[in-house]
Amino acid sequence: MEHITLLLGIVIVTALVFDFTNGFHDTANAMATTISTGAMRPKAAVAMSAVLNLVGAFLSVEVAKTISGGLINEDGLKTEVIFAALVGAILWNLLTWLVGLPSSSSHALFGGLIGAAVMSAGWSSVNGGTVVTKVLLPALAAPLVAGLAAMLATRLTFRINRNVDEKSTAKGYRAGQIASAGLVSLAHGTNDAQKTMGVITLALVTGGVLAPGSNPPMWVIVSAGVAIALGTYLGGWRIIRTMGKGLTDLTPPQGFAAQTSAATVILASSHLGFSLSTTQSCSGAVMGAGLGRKGGVVRWSTATRMFVAWGLTLPAAALVGAAAELLTKQGDWGVAATAVLLVGGSFAIWLRSRRSPVTHDNVNDVEPVQDEPSGIVTQAMASVAPPPTGAAVASEEADGSPLGSIPAQPGHSSATTEPAARPAKV
Amino acid sequence: MDIDWAALGSVFGVSLVVTVALVGFFTLGIVGLSKAASGDQGGGSGVAAKAGGYLCFALCAAAVAYGIYIIVA
């Protein structure tokens with residue numbers, strides 16, 4: 001641990017903070033449906049997820065050799081660039097948590113790295129093709145795969161259990177849901193804690209403490225595992241609420257189908273060499289399960305906000321990362337200023353969140369007032385939106401029949417104002 | 001920029017099949033056991049339902065074990 005400069009120390013602490021935000025940001029992936037269907041008490045769910053994340057951090061011996069997976073050229077990457085990238089990723093994670101939207105922590109880290117690297121070494125340091133294959137394409141594929149699988153699985157399970165009393169099956173679904181949520185937690189700990197280990201190891205290598213290509217020291221593995229577990233236990237209740245209650249209403253069979261689909265997609269994709277984002281797979285699975293039940297609806301207004309957040313994750317984190325790198329380039333005072341801004345920004349976001357706290361006590365309390373209008377709206381939207389093809393819509397418009405648009409219009413505006421109104425009420 | 005369509009395709013296929021199969025078997029297991037518990041009038045069919053239910057759960061447990069193996073390996 002000797003020869004660690006102040007800058008290196010700051011980077012290590014910042015990486016652990018990112019790991020922590022990664023933990024509470026992604027609790028929802030494993031536990032949102034488990035909590036919303038009542039399969040586990042909220043506190044018990046996050047505790048289990050935290051333990052499994054910690055275990056997962058120690059499970060795999062394969063260490064992330066690159067932190068960006070080839071997105072940027074990591075040769076000669078400076079320590080302060082890593083710092084700037086982490087600042088971008090952390091601030092974006094906190095901001096999306098504040099508004100309760102699930103977004104990929106890895107994409108935030110990639111974005112921060114891209115922004116900081118471009119500011120440091122120019123556009124040539126970014127591999128544009130890899131951005132498409134590693135970020136854009138998976139972002140489209142993940143919700144589709146997981147959503148389709150969850151939808152079909154939901155249909156199937158409702159078909160098989162249609163003659164059976166709901167009460168007698170509830171316990172079984174609960175057990176299944178807990179098992180698949182556990183798998184997701186374990187996989188998350190393995191993947192994401194390793195990402196932080198990779199970042200710290202890379203920083204140690206660039207800082208000259210470790211020889212290139214060396215494995216992370218034990219203290220790095222332990223601290224990364226503990227940071228992600230603590231974050232998970234804290235629980236990103238805002239995101240859990242959105243995923244568990246905001247996107248759709250889930251019954252235990254749906255929760256089970258969604259969670260199983262998410263676990264399968266995550267494991268299959270990482271095993272078959274086409275990594276998909278955990279967050280996007282889980283969100284897609286929840287929506288698919290929502291659509292799979294007869295009369296089930298997806299709140300497209302919430303889903304749209306989530307899609308927008310996904311699209312913004314990379315560029316927004318890149319912008320913050322670039323700005324942070326611009327500052328850290330100025331020398332020691334720039335690094336200090338960036339650190340102060342990071343702490344200040346995080347504190348401001350935390351203060352803002354205190355105005356409408358979401359905790360384990362009220363995570364499942366979503367006002368029925370909000371449910372009713374949005375239920376009608378999304379039903380209307382669900383019945384209008386997917387089936388008509390372009391031609392059908394065009395002919396409807398050509399007819400001049402206002403029937404298609406008028407009922408949707410007021411409903412749509414109430415749907416968009418509804419999520420904004422929700423936090424104020426809590 | 002080369003997109004690994006084969007990998008993407010296999011992720012699609014494997015995810016769909018495995019998810020649907022797992023959920024299907026698990027539901028069959030639940031239904032089998034609850035039928036065995038409620039329908040004690042049938043005698044032999046109750047035992048069959050119970051055995052089938054446990055078989056389905058065993059398949060699911062094997063899948064979970066394989067999932068853990070993938071994470072560890």
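The values are calculated or read from the model by the stated rules, or taken from the named source; none is laboratory data. The structure presented is a predicted model; accordingly, all values stated were derived computationally and were not measured. Ideal geometry is used to build each Cβ from the backbone, glycine not excepted, and the neighbour counts take in all protein chains shown.
Annotations
- Only a single item in (1) modelled with pLDDT of 90 or more; (2) surrounded by 24 or more Cβ atoms within 10 Å (Cβ to Cβ); (3) within 14 Å of chain B (Cβ to nearest Cβ) is not met by A:Val55, and it is number (2).
- For beta carbons closer than 6 Å, sequence separation of 6+ or different chains, a first residue in the stretch A:78-89 that is surrounded by fewer than 24 Cβ atoms within 10 Å (Cβ to Cβ) and a second that is not aliphatic (A, V, I, L, M), the qualifying pairs are A:Thr79/A:Thr206; A:Thr79/A:Gly207.
- In the stretch A:256-271, the residues that are within 21 Å of A:Phe158 (Cβ to Cβ) and more than 7 Å from every other protein chain (Cβ to nearest Cβ) form Cβ pairs under 7 Å with partners that are modelled with pLDDT under 90 and not in a helix (DSSP H, G or I), at six or more places apart or across chains, as follows: A:Ala258/A:Leu250.
- Residue ID - nearest to the other protein chains (Cβ to nearest Cβ), chosen from residues in the stretch A:169-182 that are closer than 19 Å to A:Gly244 by Cβ and crowded, with 21+ Cβ neighbours inside 10 Å: A:Gly176
- Criterion violated by A:Gly296 - all others in (1) farther than 26 Å from A:Ser125 by Cβ; (2) part of a helix (DSSP H, G or I) satisfied: (2)
- Pair list, Cβ under 8 Å, 6 or more apart: the stretch A:280-304 residue under 20 Å from A:Arg155 (Cβ atoms), other residue of a type in the set (Asp, Glu): A:Gly290/A:Asp249; A:Gly296/A:Asp249; A:Val297/A:Asp249
- Counting residues in the stretch B:1-21 that are over 26 Å from A:Ala149 (Cβ atoms), within 7 Å of chain A (Cβ to nearest Cβ) and without any contact (Cβ under 8 Å) to a residue 12 or more places away in the chain gives one or more.
- For the stretch A:157-168, taking the residues that are surrounded by fewer than 23 Cβ atoms within 10 Å (Cβ to Cβ) and touching a residue at least 40 places away in the same chain (Cβ under 8 Å), the one that is farthest from the other protein chains (Cβ to nearest Cβ) is identified as A:Phe158.
- Checking A:Ala141 against (1) at the interface with another protein chain (Cβ under 8 Å from one of its Cβ atoms); (2) touching a strand residue (DSSP E or B) at 6+ places or on another chain (Cβ under 6 Å), the condition it does not meet: (2)
- Test: residue in the stretch B:35-49 that is facing another protein chain (nearest Cβ under 9 Å), within 19 Å of the chain's Cα centre (by Cα) and modelled with pLDDT of 85 or more: no
- A:Val46 being assigned by TED's automatic domain parsing to the domain that holds A:Leu109, part of a helix (DSSP H, G or I) and surrounded by fewer than 22 Cβ atoms within 10 Å (Cβ to Cβ): no
- For A:Val226, the conditions (1) within 24 Å of B:Val72 (Cα to Cα); (2) of a type outside the set (S, T, N, Q); (3) within 14 Å of chain B (Cβ to nearest Cβ); (4) part of a helix (DSSP H, G or I) all hold with the exception of (3).
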